Number of protein chains: 2
Amino acid sequence: MFAEVGYERATIRAIAAAADVDKSSVIQHFGTKQELFREAVHWDIPLAEIIADDPTTTTDNLVRGMLAAWAADPNSPMAVLLRTSMTSEDAAEILRTRITAQYLATMAATIEAPDARLRAALAGAMLMGIVSQRHILKMPDLEHADIEDILRLITPLVSTLLDPHSGE
Amino acid sequence: MFAEVGYERATIRAIAAAADVDKSSVIQHFGTKQELFREAVHWDIPLAEIIADDPTTTTDNLVRGMLAAWAADPNSPMAVLLRTSMTSEDAAEILRTRITAQYLATMAATIEAPDARLRAALAGAMLMGIVSQRHILKMPDLEHADIEDILRLITPLVSTLLDPHSGE
């Protein structure tokens, strides 16, 4: 429901009706719409699968994992949260907190550079920009591009950010 | 009004009231809400100011121009359109058409590589990701970063995309 009509226009009444339950039991289980939304868009960034001993592998895992996850499900919790976060401060706060708490410090710890957190944040933002223009905005040149062509062009750039000594 | 409450929740009635005019004269001048929105978020990508003879200067102009424009006005027509495009197909269509028609072919023509359009599209998407996480989502590590630090890290990456022969 949040994916279809957005956070603002989704109502607990309509969600309850679609789930074929009483509105009162939705409220009993989840409380407010904000709490229900928080549960609905819950996802964990699979950092244990992304981070490898070798920074090159970490970069590959991150870039390929992000593009593959969006291709597999354009209405994943992550995608719905990102889309919603642009127009709802509630959703923006959830996304901001999750990325900062789950992703940034862990990814930054793998980077040997003084501006490690900024580098990790920029890599995440770049990738979010690409997947959102490919899968949400459906920019024709990105939507129809081969995923391998995107990986070939983007992976070296992310590598420059996350593994600044790789070219030395 | 579109910036404050979003495209879906803005009404011609409220816009007319805020402008202290009759609803009927808004309709007479602009037609539908969609047409009024299209006028309100009109902006031209200043490509004549961005594209230089030298690809390095073009990249610098593009990256610095985009970051500076968002810093100067987080509610610029471009910013409101991008934000809205994530949850409104009307707005997504306007943004998609404008970027594809105005930016892509012209920027791609400056790139000497077979995948010039994809390179231009990826550069635009990366930059959109960074400015939207800095100014719309307000990710703390990006919001509080010095613009010069972002430029120092990002400009060489965009240059690799737009001027692939620069390192040769």
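The values are calculated or read from the model by the stated rules, or taken from the named source; none is laboratory data. Not measured: the values here are computed from a predicted model. Cβ coordinates were reconstructed from backbone atoms using ideal geometry, including for glycine residues, and neighbour counts include every protein chain displayed. The protein model used for the area step is the full one, side chains on, heavy atoms only, and it has no ligands, DNA or RNA in it. Shrake-Rupley method; radii C 1.70, N 1.55, O 1.52, S 1.80 Å.
The residue that is nearest to the other protein chains (Cβ to nearest Cβ), among those in the range A:134-159 that are farther than 18 Å from A:I50 by Cβ, open to solvent by 30 Å² or more (accessible area, probe 1.4 Å) and under 18 Å from the mean Cα position of the chain (by Cα), is A:K138. Condition check for A:E39 on (1) part of a helix (DSSP H, G or I); (2) within 14 Å of chain B (Cβ to nearest Cβ): one failure, at (2). A single entry from A:L67, A:L81, A:L95 fulfils the requirement of being facing another protein chain (nearest Cβ under 10 Å) and either open to solvent by less than 20 Å² (accessible area, probe 1.4 Å) or at pLDDT 90 or above (or both): A:L95. Taking the criterion of being open to solvent by 50 Å² or more (accessible area, probe 1.4 Å), touching a His at 6+ places or on another chain (Cβ under 6 Å) and under 22 Å from B:M126 (Cβ atoms), would at least one residue in the range A:39-62 satisfy it? No, the range A:39-62 contains no residue that is open to solvent by 50 Å² or more (accessible area, probe 1.4 Å), touching a His at 6+ places or on another chain (Cβ under 6 Å) and under 22 Å from B:M126 (Cβ atoms).
Test A:Q102 against the criterion of being open to solvent by 50 Å² or more (accessible area, probe 1.4 Å), within 29 Å of B:P74 (Cβ to Cβ), more than 14 Å from chain B (Cβ to nearest Cβ) and touching an Asp or Glu at 6+ places or on another chain (Cβ under 8 Å), and give yes or no. Give the steps one after another, and end with the answer.
Details: open to solvent by 50 Å² or more (accessible area, probe 1.4 Å): yes; within 29 Å of B:P74 (Cβ to Cβ): yes; more than 14 Å from chain B (Cβ to nearest Cβ): no; touching an Asp or Glu at 6+ places or on another chain (Cβ under 8 Å): yes.
Considered against the rule, which asks whether it is open to solvent by 50 Å² or more (accessible area, probe 1.4 Å), within 29 Å of B:P74 (Cβ to Cβ), more than 14 Å from chain B (Cβ to nearest Cβ) and touching an Asp or Glu at 6+ places or on another chain (Cβ under 8 Å), A:Q102 comes out as no.
In the range A:117-126 there is at least one residue matching the filter, namely being under 24 Å from B:A120 (Cβ atoms), touching a residue at least 60 places away in the same chain (Cβ under 8 Å), part of a helix (DSSP H, G or I) and not basic (K, R).
When the range A:1-36 is limited to residues that are of a type in the set (F, W, Y) and in a helix (DSSP H, G or I), the one that is most open to solvent (accessible area, probe 1.4 Å) turns out to be A:F30.
Of the residues A:T56, A:T87, the single one that is part of a helix (DSSP H, G or I) and not small (G, A, S) is A:T56.
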